[in-house]
Amino acid sequence: MDTGAFRESLTSAIRYWEKMRLVYNGALIAVVGVCFAWTYSTAKSHVSVNLFLLFVLLAVLANVAYCGAYLVDVVVQMSGFRERWAKYRWILFSIGMVFAAIIARFWSLGIFGAS
């Protein structure tokens, strides 16, 4: 394995995915905020330190899952599809973000007591 190519691929991945992490976290915060607002009448009774700590834990787990994109990105960049991948890796980001938003919605509604 060429360490120069690996280093270049990893640098490119970090540059792209860390910038997009802000969008990812913003979208998940928006989903949780909307779910809280939607169920405010029941959600306000669930607000506690333990709930806050649970959301911190879930946020950390969501960001650990986000790191899975690095593996795919670096492997594809090391292949012959590097140039094409640079134009289309936003698709991987979009699929992952939608998947995470769906999970965040179900968790939030479950926690806030929506029926």
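If you filter segment 41-81 for chymotrypsin sites (Phe, Trp or Tyr not before Pro), then keep DSSP loop positions with at most 13 other Cβ within 10 Å, what is left?
81
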Here the gain from full extension of residue 88 to residue 44, 0.36 nm per residue of separation minus their alpha-carbon distance, amounts to 11.7 nm
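Hey, any idea what Rg/Rh is for the chain, computing Rh the Kirkwood way over Cα pairs?
Computed over Cα atoms, the ratio is 1.12.
Can you give the Rg/Rh ratio of segment 50-113, where Rg is from the C-alpha atoms and Rh is the Kirkwood radius? Before the final figure, lay out each step's value.
Values: Rg = 15.4 Å, Rh = 13.5 Å.
Ratio value, two decimals: 1.14.
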Once residue 57 and residue 3 are pulled to full extension, the length gained, defined as 0.36 nm per residue separation minus their Cα-Cα distance, is 15.9 nm
Rounded to one decimal in nm, the spacing of the 7 Å Cα→Cβ label points at residue 29 and residue 64 is 2.2 nm
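Note down the magnitude of the dipole of the chain about its Cα centre, charges +1 on Lys and Arg C-beta and -1 on Asp and Glu C-beta and zero elsewhere, to the nearest 20 debye. Don't jump to the answer; show the numbers that get you there.
Working: 10 positive and 5 negative charges, 40 e Å.
Charge dipole of the chain: 200 debye, to the nearest 20.
All of the numbers you see were taken from the coordinates with simple rules; none came from a lab. It should be emphasised that the depicted structure is a prediction, and the values quoted were computed from it without experimental measurement. When we count neighbours, we look across all protein chains shown, and the Cβ atoms used for this are built from the backbone with ideal geometry, even at glycine.
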